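Beneath this line is the structure, given in structure tokens, with notes to follow.
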Amino acid sequence: MKGLILAGGAGTRLRPITHTSAKQLVPVANKPILFYGLEDMASAGIVDIGIIVGDTRDEIMAAVGDGSRWGVRVTYIPQDAPLGLAHCVLIAQEFLGNDDFVMYLGDNLLQQGLTEFTERFAAARAGDSPQPPSAQILLAHVADPRQFGVAEVAPDGGVVRLVEKPADPPSDLALVGVYLFDATIHEAVRSIAPSARGELEITDAIQWLLDHGHRVRHEVLRGWWLDTGKKDPLLESNRRILETIDARIDGKVDELSTIEGRVVIESGAEIISSRIRGPVIIGENTRVVNSYVGPFTSIASGCEIRDSELDHSVVLDESRICGIAGIADSLIGRWVEVSRSGRRPRGVRLMLGDHSNVDLE
């Protein structure tokens, strides 16, 4: 099988293909989101991975490289415009050939891995059924299925139809963003028309399979699933991953500091006159001075936290927080400085990027 990783937003070997953008490099527990998907694929025995890249391809390629750190081979497939998930399959056909493959949305985080999911698809296709499945989808029960692609499932477990963001959902079973396909999907993506938003929808391609008599299996997700495309789900992902870490101190902690619970302090980091209450991870070469870092916080490499307090937050590389108390439930990007100038008149002075969200009390 081969594999395809896409970001939301993009025997037989199983190949992964990934459509990804820079947001997949945002870290959860100090590891880029994209890396979790790559690790899951490698654990499932997937060796050939295609990554579909857009205008942030240089960042993705620099971070992932040739895939050798995971024991896989990575092929980069450029997509000139975000024209839909089915379009990713369309442009990846040369890479995929006639192999079965897994398609995985690169900004998803799943508690369950891919190994059993892919093994059951392979077993179903190799079994004695007169109609082996051409596809297998992963579904999850959701509170508001109107926000998702939704599956209608027959009493015998077969998938009947898929509906994208329905006003009247046929079930509460939403598409999670992990798919398995055989080569029949290539005919499907060539046969469908763009949707109203101008994209080739993977739900339409799977519906084409159903309409043409192909069998589509489904499984219901075990454990949690989070789409990390927005701040709150990303913080929740960070919390869930941090709950699984083992304490480790590779950096320096002075005698005036206290470390409580599961805390990872990476090489080159320094904790000075501070209290760290886990689960927390402090990245390489970060300095925490006279500060409090509370539970479910990840601070990336090269940061400085001085005279400040924060918890349940994610701080990206090379950022500086100085003299600020009460930071909570926050996502702070790279090369950010948050400080008090002491100048009068007192006021809030901001320089914010696109799609920023500021909550002031």
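The values are calculated or read from the model by the stated rules, or taken from the named source; none is laboratory data. Bear in mind that the values here come from a model prediction, so they are computed numbers and not experimental data. Please note: Cβ atoms are built from the backbone with ideal geometry, for glycine as well, and neighbour counts cover all protein chains shown.
Here the condition is being of a type in the set (D, E, K, R) and surrounded by 18 or more Cβ atoms within 10 Å (Cβ to Cβ); of Asp100, Asp168, Asp144, Asp156, it holds for Asp100 alone. Taken together, the residues in the range 294-329 that are surrounded by fewer than 20 Cβ atoms within 10 Å (Cβ to Cβ) and under 24 Å from Gln24 (Cβ atoms) amount to 6.
Pairs linking a residue in the range 129-152 that is more than 26 Å from Glu119 (Cβ to Cβ) to a residue that is exposed (fewer than 11 other Cβ atoms within 10 Å of the Cβ), with Cβ atoms under 8 Å and 6 or more positions apart or on different chains, are Arg146/Ala167. Within the range 82-96, restricting attention to residues that are closer than 16 Å to Ala205 by Cβ and more than 21 Å from the chain's Cα centre (by Cα), the residue that is surrounded by the most Cβ atoms within 10 Å (Cβ to Cβ) is Leu96.
Output the residues belonging to the range 183-192 that are over 29 Å from Trp224 (Cβ atoms) and either modelled with pLDDT under 95 or under 26 Å from the mean Cα position of the chain (by Cα) (or both).
Just the residues of the range 183-192 that are over 29 Å from Trp224 (Cβ atoms), to begin with: 183-184, 186-192.
Those that are over 29 Å from Trp224 (Cβ atoms) and either modelled with pLDDT under 95 or under 26 Å from the mean Cα position of the chain (by Cα) (or both): Ala183, His186, Val189.
Exactly one residue out of Val72, Val102 is over 15 Å from Leu180 (Cα atoms) and within 22 Å of the chain's Cα centre (by Cα): that is Val72. Residues in the range 242-252 that are in contact with a Lys or Arg (Cβ under 8 Å, 6 or more places away or on another chain) and buried (at least 16 other Cβ atoms within 10 Å of the Cβ): Leu242, Ile245.
Find the residue count for the range 47-67, including only residues that are more than 15 Å from Met103 (Cβ to Cβ) and assigned to a strand (DSSP E or B). Quick ask: steps written out before the conclusion?
Our first condition is that a residue be more than 15 Å from Met103 (Cβ to Cβ); within the range 47-67, this holds for 47, 53-67.
Within this subset, residues satisfying the condition of being assigned to a strand (DSSP E or B) are 53.
Number satisfying all stated conditions: 1.
Of the residues making up the range 125-138, just one is modelled with pLDDT under 90 and hydrophobic (A, V, I, L, M, F, W, C), namely Ala126.
Taking the residues in the range 57-81 that are within 30 Å of Arg197 (Cα to Cα) and touching a strand residue (DSSP E or B) at 6+ places or on another chain (Cβ under 8 Å) as candidates, determine which candidate is surrounded by the fewest Cβ atoms within 10 Å (Cβ to Cβ).
Residues of the range 57-81 that are within 30 Å of Arg197 (Cα to Cα), as a first pass: 57-61, 75-81.
Then keep just the ones that are touching a strand residue (DSSP E or B) at 6+ places or on another chain (Cβ under 8 Å); that gives 57, 60-61, 75-79.
Working: Arg57: 18, Ile60: 25, Met61: 14, Thr75: 17, Tyr76: 16, Ile77: 20, Pro78: 10, Gln79: 22.
Top of the filtered list is Pro78.
Looking only at the range 276-293, residues that are surrounded by 20 or more Cβ atoms within 10 Å (Cβ to Cβ) and farther than 21 Å from Asp250 by Cβ come to 0 in all.
Every listed requirement among (1) crowded, with 18+ Cβ neighbours inside 10 Å; (2) farther than 30 Å from Lys31 by Cβ is met by Ser129 save one, (1). Against the test of being of a type outside the set (A, V, I, L, M, F, W, C) and not assigned by TED's automatic domain parsing to the domain that holds Asp156, the options Pro194, Pro279 yield a single qualifying residue, Pro279. Looking at Ser291, Ser273, Ser301, can you tell me which residue is touching a strand residue (DSSP E or B) at 6+ places or on another chain (Cβ under 6 Å) and not assigned by TED's automatic domain parsing to the domain that holds Pro32? When all the criteria are applied, what remains is Ser291. Anything in the range 157-182 that is more than 25 Å from the chain's Cα centre (by Cα) and either outside the structural domain of Ala44 (by TED's automatic domain parsing) or not in a loop (DSSP other than H, G, I, E, B) (or both)? List them, or say none. Val159, Val160, Arg161, listed by residue number.
If a residue must be assigned to a helix (DSSP H, G or I), surrounded by fewer than 17 Cβ atoms within 10 Å (Cβ to Cβ) and in contact with a Leu (Cβ under 9 Å, 6 or more places away or on another chain), how many such residues does the range 193-231 contain? Don't jump to the end; show me each part of the working.
Of all residues in the range 193-231, those assigned to a helix (DSSP H, G or I) come to 202-211, 231.
So of that shortlist, the ones also surrounded by fewer than 17 Cβ atoms within 10 Å (Cβ to Cβ) come out as 211, 231.
Subset that is in contact with a Leu (Cβ under 9 Å, 6 or more places away or on another chain): 231.
Qualifying residue count, the range 193-231: 1.
The residues of the range 68-83 that are at pLDDT below 95, part of a loop (DSSP other than H, G, I, E, B) and among the aliphatic types (A, V, I, L, M), listed by number, are Ala81, Leu83.
Which residue is modelled with the highest pLDDT, if the candidates are limited to the range 139-156 and must be outside any strand (DSSP E or B) and in contact with a Lys or Arg (Cβ under 8 Å, 6 or more places away or on another chain)?
Keep residues of the range 139-156 that are outside any strand (DSSP E or B), which gives 142-148, 154-156.
Okay, now just the ones that are also in contact with a Lys or Arg (Cβ under 8 Å, 6 or more places away or on another chain), so 146-148.
Details: Arg146: 89, Gln147: 85, Phe148: 86.
Filtering first and then ranking leaves Arg146.
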